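Student: If you scroll down you'll find the structure; I have some questions about it.
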Amino acid sequence: MCKARYRELMYKVVDGTASEAETAELQEHVAGCSRCAALFERIKLLDSLLREGMRGRRFEGGWERLARRIRARRVARYAGAAVASAAAALLLAFSLILPSTTTHPVALAEGELIVEHNGETVKVKSGDEIPEGAVVRNSRRRVVSIRTPKGSRILLGVGSAFRLVDHKLWRLRLLSGQIRAKVNGEPFSVVCNGIEVRVCGTDFVVRRYGAGVEVEVFEGRVSLKSAGKVVLLKAGDTGFARWGAPPFVAVRSNAAKRPSVPLEKPLPRKPVSLSPQDKPPAPLDLPVPRPAEPDNR
């Protein structure tokens with residue numbers, strides 16, 4: 001049985017009150033504990049469902065009081081069907097008695113971007129807030145950045161787009177093009193096509209080519225995970241992965257380099273940094289197999 005401390009850490013991370021050390025401790029634990037990982041996903045799902053159900057009408061302090069009630073009842077203490085049924089009952093009960101709060105802003109634009117959220121598409125400018133769950137697109141002819149409250153920066157390439165899946169653990173889903181992330185000591189990961197890139201360092205680029213992903217690292221380290229296999233990339237390395245295939249490292253270097261594809265340029269159809277002998281098992285520019293991508297999260 002895992003320590004009750006990890007359940008309390010889950011509450012704190014979801015509430016946004018956990019310190020960096022506590023968040024890192026929880027991440028390390030759930031990475032090796034499937035039961036706690038499943039429980040944490042259920043807690044986050046309940047959190048997002050309740051926030052969605054309470055969105056639209058103003059109610060000062062409503063979410064905070066609801067969160068305290070949930071913690072008091074230890075909803076997340078029970079696994080499997082017990083959690084699912086408790087979550088459904090709470091969602092129904094509180095949606096009937098509590099009005100909604102507005103969406104909590106989680107990031108700031110540092111230039112003009114297109115943001116899609118709750119069925120609406122708006123153009124935001126520098127200083128405007130970007131909420132969790134939004135799709136962010138760069139339709140301009142230059143790189144535009146997004147800044148997190150802790151000072152990390154996400155540079156969105158020309159013609160690129162991502163969805164902000166989780167702002168507490170900073171999880172992005174890359175929809176098209178490329179991003180460069182300069183992470184300031186906080187959890188951060190990028191997913192697409194069933195492939196996950198997780199930060200162990202600070203400065204890297206992720207590019208999406210159809211069913212494949214290319215990662216270049218300029219500072220620190222990142223982990224590249226696909227098909228249950230993980231490779232570590234350090235500064236100067238370039239890694240590749242295709243949906244359903246293990247990742248591999250194509251370039252090992254002791255020196256960090258400039259991006260092989262500038263963010264100011266539209267992404268080409270194929271990775272330009274692959275030499276003929278380093279071709280992946282299947283071309284990265286092939287369409288993603290259907291019915292759907294596995295990382296619809």
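The values are calculated or read from the model by the stated rules, or taken from the named source; none is laboratory data. Everything numeric in this text was worked out from a predicted model, so none of it was measured. We place every Cβ from the backbone using ideal geometry, glycine too, and count neighbours over all the protein chains shown.
Student: Those residues that are under 16 Å from K168 (Cβ atoms) and surrounded by fewer than 16 Cβ atoms within 10 Å (Cβ to Cβ), I need them from segment 1-11; list them, please.
Tutor: The one that is under 16 Å from K168 (Cβ atoms) and surrounded by fewer than 16 Cβ atoms within 10 Å (Cβ to Cβ): E8.
Student: Let me ask something else about it. For segment 170-184, state whether one or more residues are touching a Gly at 6+ places or on another chain (Cβ under 6 Å), farther than 20 Å from V115 by Cα, outside the structural domain of E25 (by TED's automatic domain parsing) and surrounded by 23 or more Cβ atoms within 10 Å (Cβ to Cβ). Lay out the reasoning, then the answer.
Tutor: Of the residues in segment 170-184, the ones touching a Gly at 6+ places or on another chain (Cβ under 6 Å) are 177-178, 184.
If we keep only those that are farther than 20 Å from V115 by Cα as well, we get 184.
Then keep just the ones that are outside the structural domain of E25 (by TED's automatic domain parsing); that gives 184.
Subsequent filtering for residues that are surrounded by 23 or more Cβ atoms within 10 Å (Cβ to Cβ) retains none.
No, because not a single residue in segment 170-184 is touching a Gly at 6+ places or on another chain (Cβ under 6 Å), farther than 20 Å from V115 by Cα, outside the structural domain of E25 (by TED's automatic domain parsing) and surrounded by 23 or more Cβ atoms within 10 Å (Cβ to Cβ).
Student: Now a separate question. Within segment 112-121, identify whether any single residue is within 22 Å of F188 (Cα to Cα) and assigned to a loop (DSSP other than H, G, I, E, B), and answer yes or no.
Tutor: no
Student: Just a yes or no: is a residue in segment 187-196 modelled with pLDDT of 90 or more, under 19 Å from K265 (Cα atoms) and surrounded by 19 or more Cβ atoms within 10 Å (Cβ to Cβ)?
Tutor: no
Student: Tell me which residues, restricted to segment 207-221, are more than 12 Å from L233 (Cα to Cα) and either among the polar types (S, T, N, Q) or crowded, with 21+ Cβ neighbours inside 10 Å (or both).
Tutor: R207, R208, Y209, A211, G212, V213
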